[in-house]
1. (1) modelled with pLDDT of 95 or more; (2) closer than 16 Å to Phe157 by Cβ; (3) not basic (Lys, Arg): which one isn't true of Asn133, the others all being true?
2. Looking only at region 61-76, filter to residues that are among the hydrophobic types (A, V, I, L, M, F, W, C) and either open to solvent by 30 Å² or more (accessible area, probe 1.4 Å) or in a loop (DSSP other than H, G, I, E, B) (or both); which one of those is farthest from Pro42 (Cα to Cα)?
3. Just need a number here: residues in region 77-95 that are within 26 Å of Glu156 (Cβ to Cβ) and loosely packed, with under 15 Cβ neighbours inside 10 Å.
4. For region 41-60, state whether one or more residues are charged (D, E, K, R), exposed (fewer than 14 other Cβ atoms within 10 Å of the Cβ), at pLDDT 90 or above and closer than 17 Å to Phe160 by Cβ.
5. Being among the polar types (S, T, N, Q) and within 16 Å of Gln154 (Cα to Cα): is that true of Ser106 here?
6. Scan region 233-254 and tell me whether some residue there is at pLDDT 80 or above and either open to solvent by 100 Å² or more (accessible area, probe 1.4 Å) or on the phi > 0 side of the Ramachandran plot (or both).
7. Those residues that are in a loop (DSSP other than H, G, I, E, B), loosely packed, with under 11 Cβ neighbours inside 10 Å and charged (D, E, K, R), I need them from region 137-171; list them, please.
8. From (1) surrounded by 17 or more Cβ atoms within 10 Å (Cβ to Cβ); (2) assigned to a strand (DSSP E or B); (3) of a type in the set (Ser, Thr, Tyr), pick out the condition that doesn't hold for Ser111.
Amino acid sequence: FPFLPLHSQILCLVIMLFSTNIVAQSQQDNRTNFSCPSDSPPSCETYVTYIAQSPNFLSLTNISNIFDTSPLSIARASNLEPMDDKLVKDQVLLVPVTCGCTGNRSFANISYEINQGDSFYFVATPSYENLTNWRAVMDLNPVLSPNKLPIGIQVEFPLFCKCPSKNQLDKEIKYLITYVWKPGDNVSLVSDKFGASPEDIMSENNYGQNFTAANNLPVLIPVTRLPVLARSPSDGRKGGIRLPVIIGISLGCTLLVLVLAVLLVYVYCLKMKTLNRSASSAETADKLLSGVSGYVSKPTMYETDAIMEATMNLSEQCKIGESVYKA
């Protein structure tokens, strides 16, 4: 543009770069086909993934609010305890949505209440984590200004999703889960995470084997059943706390059983010793009586304890005959 002033040349260059960026993003969006298949149902229940992030989205309640659903439904889909509202950073969740056709595109239209400082881009990117984009929101809400939104109004945000086609249903693919591809992801890692076939992932998304171009964009993960997501680190810590307690209780119970067994053996031995002592004392008494009866016609009867005490337990010092003792 040599005939234009310098500032006009710069402005034209900026406009061209901005337009190029929009075209490039549109092409990227088209790598995964979110159009409505002719042989798919008009709507279906499916799932989108969401990553728990600080500071505002580390609880099921806050996340369920922006998806206009219940915390319980997210907990059930995400393999969480129903009452476990607190999450940890980067915890992966499955959020149930109803997917249907809007025009020729498949979306789950979510009603969102505009807060102070919200814009189409801000809500689509940080809040919904690129499950949609500001252009799709503009198309669905053409009368609203993307950056000047009245606080408190309800705006429809279209989240990318898709229902399985008849061919996929015949292959027992039940869900096409919307997942935003992360830098560092690869097909093998994602397939393991969701229990999906790598071939099905590559077939459904037009990125070949290298999904680098899909970074921060929604893709579809075909699954035959709902994946069981790995528990969060907090659950691991809870398990780590419970394990020593369980081990301690087990050791305590074992020790108690051993102590009781030793106590029973001790009581048994003590009882047997007492019985043996009583039998010995009775035998000694019989011997004493039989010996005394040879010297007196009518022996005087003494308690065994008194005789034993008087003779110092039949000490040799008190013995004056075969069976005669002095007291």
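The values are calculated or read from the model by the stated rules, or taken from the named source; none is laboratory data. On a predicted model such as this, the values are computed, not experimentally measured, just so you know. Ideal geometry is used to build each Cβ from the backbone, glycine not excepted, and the neighbour counts take in all protein chains shown. In case anyone asks, the SASA skips ligands and DNA or RNA and just uses the protein heavy atoms, side chains included. Shrake-Rupley method; radii C 1.70, N 1.55, O 1.52, S 1.80 Å.
1. Exception for Asn133: condition (1).
2. Taking region 61-76 as the starting set, the residues that turn out to be among the hydrophobic types (A, V, I, L, M, F, W, C) are 63, 66-67, 72, 74-75.
Keeping just the survivors that are either open to solvent by 30 Å² or more (accessible area, probe 1.4 Å) or in a loop (DSSP other than H, G, I, E, B) (or both) gives 67, 72.
On the way: Phe67: 21, Leu72: 26 Å.
In this case the residue turns out to be Leu72.
3. Taking region 77-95 as the starting set, the residues that turn out to be within 26 Å of Glu156 (Cβ to Cβ) are 77-78, 92-95.
Now drop any that are not loosely packed, with under 15 Cβ neighbours inside 10 Å, which leaves none.
Number satisfying all stated conditions: 0.
4. In the first step, residues of region 41-60 are kept if they are charged (D, E, K, R); the result is 45.
From what is left, the residues that are exposed (fewer than 14 other Cβ atoms within 10 Å of the Cβ) are 45.
Now drop any that are not at pLDDT 90 or above, which leaves 45.
Subsequent filtering for residues that are closer than 17 Å to Phe160 by Cβ retains 45.
Yes; the residues of region 41-60 include at least one that is charged (D, E, K, R), exposed (fewer than 14 other Cβ atoms within 10 Å of the Cβ), at pLDDT 90 or above and closer than 17 Å to Phe160 by Cβ.
5. On the way: among the polar types (S, T, N, Q): yes; within 16 Å of Gln154 (Cα to Cα): no.
Against the criterion (among the polar types (S, T, N, Q) and within 16 Å of Gln154 (Cα to Cα)), Ser106 does not qualify.
6. Narrowing region 233-254 to residues at pLDDT 80 or above: 254.
Next cut, either open to solvent by 100 Å² or more (accessible area, probe 1.4 Å) or on the phi > 0 side of the Ramachandran plot (or both) only: none.
No, region 233-254 contains no residue that is at pLDDT 80 or above and either open to solvent by 100 Å² or more (accessible area, probe 1.4 Å) or on the phi > 0 side of the Ramachandran plot (or both).
7. We begin by selecting, within region 137-171, every residue in a loop (DSSP other than H, G, I, E, B); these are 141-153, 161-165, 171.
Subset that is loosely packed, with under 11 Cβ neighbours inside 10 Å: 142-143, 148, 150-152.
Of everything in region 137-171, just one residue is in a loop (DSSP other than H, G, I, E, B), loosely packed, with under 11 Cβ neighbours inside 10 Å and charged (D, E, K, R), namely Lys148.
8. The failed condition is (1).
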